[in-house]
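*Asks:* One structure follows; several queries about it will come next.
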Amino acid sequence: MREYKLVVLGSGGVGKSALEVWLVGHLPDIVPCIAMEVDGQQCMLEILDTAGTEQFTAMRDLYMKNGQGFALVYSITAQSTFNDLQDLREQILRVKDTEDVPMILVGNKCDLDEERVVGKEQGQNLARQWNNCAFLESSAKSKINVNEIFYDLVRQINRKTPVEKKKTKKKSTCTIL
């Protein structure tokens, strides 16, 4: 079973941990590991949630260095969270030293459409500017497009590195979906 290291990044309060809770089923005390099927293939996802590390740039750099795919999350109800993503993306590209990084732009809290300040078109336009990066709007509260975020990242990683490298097995606490 192939393993994937996925990193969830964004400003505080955008719903990064809430997305993870819907996927895993709980907020773990350790790095969550979850088995799921994507396009008929079993895979093991290790989700690196950066919640609470916004002020620790060294920790964020380490997550970026080790991550294979990145979900950049903003809240559709807060323009500042959308604005913060450009710097995060540039930091990822700098740490990874490449422009070809599996990435998805996620506008979270789409269930709060009446409080929307960031239009869907703004997200789509930013994704286009980012080399046609994938884009989704989601709601952790209503479980809209939560799994799709992670499926898309797995597919992007598979396209970029289709051949699995053999690794030694390590112990982990996983949730099986």
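*Asks:* May I ask you to compute the full-extension gain from Met1 to Asp100, defined as 0.36 nm times their residue separation minus their alpha-carbon distance, rounded to one decimal in nm? Display every interim value, and only then the final one.
*Replies:* Working: separation 99, 0.36 × 99 = 35.64 nm, distance 2.42 nm.
Full extension of this stretch gives 33.2 nm more.
*Asks:* What is the extension gain from Leu62 to Gln42, computed as 0.36 nm multiplied by their sequence separation minus the C-alpha to C-alpha distance, in nm to one decimal?
*Replies:* 4.5 nm
Each value in this text was obtained by applying a stated rule to the coordinates, not by laboratory testing. As the structure is a prediction and not an experimental result, all values here were calculated from the model.
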